[in-house]
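Just so it is clear, none of the values below were taken in a lab; they were calculated from the coordinates. Model, not experiment: these values are computed from the prediction. FYI the Cβ positions are ideal-geometry reconstructions off the backbone, even for glycines, and counts take in every protein chain you see.
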Amino acid sequence: MNPLDILYGAAGAWLAAAVAGLLAGSWRPGLRACCVLSGLGGAAAAAAGGWSLVYGNTRVVMPGGGATIVGGPVQLQMTSLAGVFVAVLGIAAVAIALYAPRYHQRSRGTALYLAVYNLALLACLAVLAAGGMVTFLVAWESMSLACYLLILRHPRRTEVARGAFWFLALSEIGFLLVVAAFVILAAKTGATQLDVMAARGHLVPGGWRAAAYLLALTGFGFKAGLVPLHVWLPEAHPVAPADGSAFLSGVVVNLGAYGIALFAFRLVPVTGSWPGLVTLGAGAITAAIGILYALRERDIKRFLAFSTIENTGIIVTAFGAAMVFQAYRQPALGAFLLIAGLYHVANNGCYKTLLFLEAGVVEHATGTRDMDRLGGLVHRLPRSTVIAFIGTLGIAALPPLNGFVSEWLIFQGLFQGFRTGSNLIAILIVLAAATLGLTGGLAIYAFVRGFGIPNLGMPRTQRAAEARETGQPVAGPALLAVACAALAVGAPVMLAALSRAAHTITGVALGPLLLPGKLTVIPAHADFSAFSPTYLAVFLTAACAVPLLIFLAGRPRAASVSVPVWDGGITRFRPRMQYSAMTFSAPTRVTFDALYRPAVSVRRASDEDPAGRSGPVHYEEQVTPVFERYLYRPVVRGVEWLADAIRPMQSGDVNLYLLYVFAMILLAYLLGAV
Amino acid sequence: MPLWFVRGLRRGVVTTRYPARPDGSAAALPTPPAFRPGQLTRDVADRIVAVCPSAALARRGDILIFDAGTCTACGRCAAAAPDAVTSSGEWELAATARSALVKEIPIAGGQP
Amino acid sequence: MNPASDEAQASRRLQEQIADQFGRSLHIRTLDTGSCAVCEQEIRLLSAPHYDLNRLGFFFTPAPRHADLLLVTGPMVRAFDAAARKTFEAMPGPKVVVATGACALGGVYPKDPFVHGNVGEVLPVDVWIPGCPPSPLALLHGLSVAVGRLAERTPGLTFIAGGDG
């Protein structure tokens, strides 16, 4: 019995769920059955993923006795590297299965959507459990198509079609690059089984290795959301249904990171430090730009989409730094940063999915995603707000939750850049750490805004004031909140499992990652620092009790008078007196205007009035879509130009086409002769 | 900046010592009026009551009621009746009771 | 905290308490209930080097929660009632209210639908400082009276020329 067998169970459950979805139509028990099966599959996947962390790599299995797909063999293998990703997939699937029944309306469209969603889950599982190149690529493409259909839940709306198209276009470009990378490796090693490819990696010459890795980084970067390949994320997430967005951010984007990790740590052996440095730089820049763009967004889902880009940046930075340390003969630190990156993958899967599900709850309850139309939701949707708060604490990396643990690990690894022995590398690593520091600070700022503006204060519109909690899904997000807390408090367990996984992946036995006492973490070297997430959580809770005890013990003896909070003497509070989402982020927007390049237009009624009487002021600010305008549009125009140039070949004249056929045959004969 | 410093040193300390010691600039302050009862007749009193912009003066029979709290030290009553009204020179006028600021001045002038 | 004329003894005791508590450090919160802002300019001059109220231990603070003394100017516009009350209630006891300027004492603006005319209608005033505007020296005198450092002179004044001023 090995983890792969449990995965068969998960796959079977998801296949059954897809069939149930296809057959159910708008029949409620059918939809329920679909979600239950999906959840069971998720639980199985989570168990399999967790187990495979400590089990190690299973053997390659060719089911059906050598069945082939697209001419290549179907090969399955469950590896430790994929373990974290499979576990995240499983937990997200369970949470979404609990969430979906209350979120979607009962209709045939929903049933088909759920069927496609389960097929997407299956495809993601196949990507993670692929043991061979062909299986991987087929599964990858199926996953892209299934996700495209997921985003296209309401195909008649123009913005939905546009968002889905961005996703598909960039997925396909990425896929081509990934195919190229795999083909290079397969050709040079002469194998398509990932195991064998990895074992024969040393046969690939240095230049080809670099080319394969860069192609893979770019190709998977499209899916993961590295800047400037991230453009589909803010377009596709707002238009997909909430659980679809949660699935995209919590699982699919992570698959991009898995692809990068696969090439970095398994398939392409270490050659010099610059692939690692490129990855490190790409990750750091992605993180910073992601969070900077997040600060401009009023739409909750676009905001969360940019935050996903930021988290991808952090994960890729960790992987890049691990590669650099491996290249500079610091295998312990390399393994440590790999562990930190994988931990962040798990954390991101939990809190990002949670936040997207809660965004869906908010959209459901109020009918809007615009932060500036919300406010005071903590009074109307108390349970949802509390759960969202736990997710926000996690993603802002505040102790004692899980985001803090993984970011601490990454920072501690980066700070030890001096151990590489090269001043230049140390400086570059410190620059990356500084960028991550900026990102962390901006993330707290962004999430104070992202949580505070919609949830706290007074409702800014009637719809926000009338939001109702009844009928909102709570169980799914609550499960993820518990997972976040568990990942934080259970950090020692998680780290023990991850160090076993790192041992399998990199062959580096990390030594005592946990100090005696089993509750304190050290970043690969005991003389650098130490930290105990468990003690921290206990301490913080106890520290909160101290003011309470002081108050109870030392209550003033004299008669005290209760007076209202001093509010500046305002007699009537109006919602417009509060911060709005854009004014709250105004300081950063002004500072980073060189990046945003906003196009501002101001129209004053007093300018147009002949007497100069004052009136409404119309202020409009638009971010210049730098990447669309300066990167994608020129490429698109170039392709269009090329197509126009080739058009004369398609004249429509049959005689010309016969000439083409004759020329080709002639060419084939000549080549055959040679 | 150095010029300012040097000028300040030359000028010395300009801070007033008040309330420990009296302040010389207080002599130039505009102050509420003081009245000469001997020069006040009913007509004069009515004239200065009418001219006060702040309703600080009122006449009740043969008593001129002067509210030092409401007085703005504008000088209109002194201009209207220079024989009867002069400046009091009093500016330390803080009071803990509002009534302590309302004074009664007898109208003791001869018949007009 | 509002010594009426019949409770002179209680007010003297209170004054001693005030002098004791505020002797070395008094925090003043200014409140403009609709004045023309000239009183505010004179109050601002108190911080200037010539008058320098800090040397006497007086300080300005914007937060009523930190304030001991409320310095009120203006004729108490009715629209400001609630805010004035809130400011007063936000000050922790013991507290002193000083009304300054002819407007705040009932002059210039009579009572009408928009204005009380007299700060005493809304807040319990402890010390009244007349003037239009009161010079910084008069303000210093009034503040010193409020904390019991100086004795008030007004009860002894007659405003009769040739007599005691």
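Here is how the numbers come out for the structure above:
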| item | result |
| --- | --- |
| Trypsin sites (Lys or Arg not before Pro) within region A:573-660, DSSP loop, no more than 16 other Cβ atoms inside 10 Å | A:Arg613 |
| Potential extension, A:Arg576-A:Ala663 segment - 0.36 nm per residue separation minus Cα distance | 23.9 nm |
| Ranking of A:Leu495, A:Leu658 by count of other Cβ atoms within 10 Å, fewest first | A:Leu658, A:Leu495 |
| Normalised convex hull volume, region A:523-661, alpha-carbon set, Å³ per residue | 434 |
| Inter-chain Cβ neighbour average for residues C:60-71, partner chain, 10 Å | 1 |
| Hypothetical label at C:Arg24: residues of region C:57-73 whose amide nitrogen lies under 19 Å (7 Å Cα-Cβ projection) | C:57-60, C:67-69 |
| Hz values of 3J(HN,Hα) by residue in region A:199-214 - Karplus curve (6.51, -1.76, 1.60), Gly and Pro given as x | 5, 9, x, 5, 6, 7, x, x, x, 5, 4, 4, 4, 4, 5, 5 |
| Most fluctuating residue given options B:Ala78, B:Ala97, B:Ala20, as computed from a GNM of chain B linking Cα atoms under 10 Å | B:Ala20 |
| Nearest-0.05 FRET efficiency for A:Ala180 and A:Val561, computed from C-beta distance (R0 60 Å) | 0.20 |
| Cβ-derived FRET efficiency at R0 30 Å, A:Tyr630 paired with A:Gln650, nearest 0.05 | 0.40 |
| Taking all pairs of distinct alpha-carbon atoms in region B:29-106, Kirkwood radius in angstrom | 12.4 |
| Peptide ranges C:62-73, A:195-206, A:662-673, A:446-457 listed from the most packed, as the mean C-beta count within 10 angstrom indicates | A:446-457, C:62-73, A:195-206, A:662-673 |
| Net charge dipole size for the protein assembly as shown [Lys, Arg +1 and Asp, Glu -1 on Cβ; Debye, nearest 20] | 1020 |
| Options A:Val674, A:Phe325, A:Gln472, ranked by Cα towards positive dipole end of chain A, top entry (Cβ charges) | A:Gln472 |
| Range of Cα positions in region C:5-149 per principal axis (Å), largest first | 41, 37, 27 |
| C-alpha long axis of helix A:423-455 to longest principal axis of chain A, angle in ° | 50 |
| Per-peptide average of other Cβ atoms within 10 Å, ordering B:58-68, A:225-235 highest first | A:225-235, B:58-68 |
| Computed E for A:Arg106/C:Asp112 - FRET, C-beta separation, R0 60 angstrom, nearest 0.05 | 0.35 |
| Those lysines that a straight Cα-Cα span of less than 19 Å connects to A:Lys301, excepting residues fewer than 8 apart in one chain | A:Lys223, A:Lys352 |
| Inter-chain shielding of B:61-67 (mean C-beta neighbours from other protein chains, 10 Å cut-off) | 1 |
| Relative contact order %, chain C, counting alpha carbon pairs below 8 Å whose residues are six or more apart | 24 |
| Distance cut-off 39 Å, percentage of C-alpha pairs in the protein assembly as shown lying past it | 58 |
| Summed residue charge, Cβ within 13 Å of A:Leu381's Cβ, Lys/Arg positive, Asp/Glu negative | 0 |
| For peptides A:543-554, C:135-146, sequence by mean Cβ density within 10 Å, most packed first | C:135-146, A:543-554 |
| Per-residue mean of C-beta atoms belonging to partner chains within 10 Å, peptide A:72-79 | 0 |
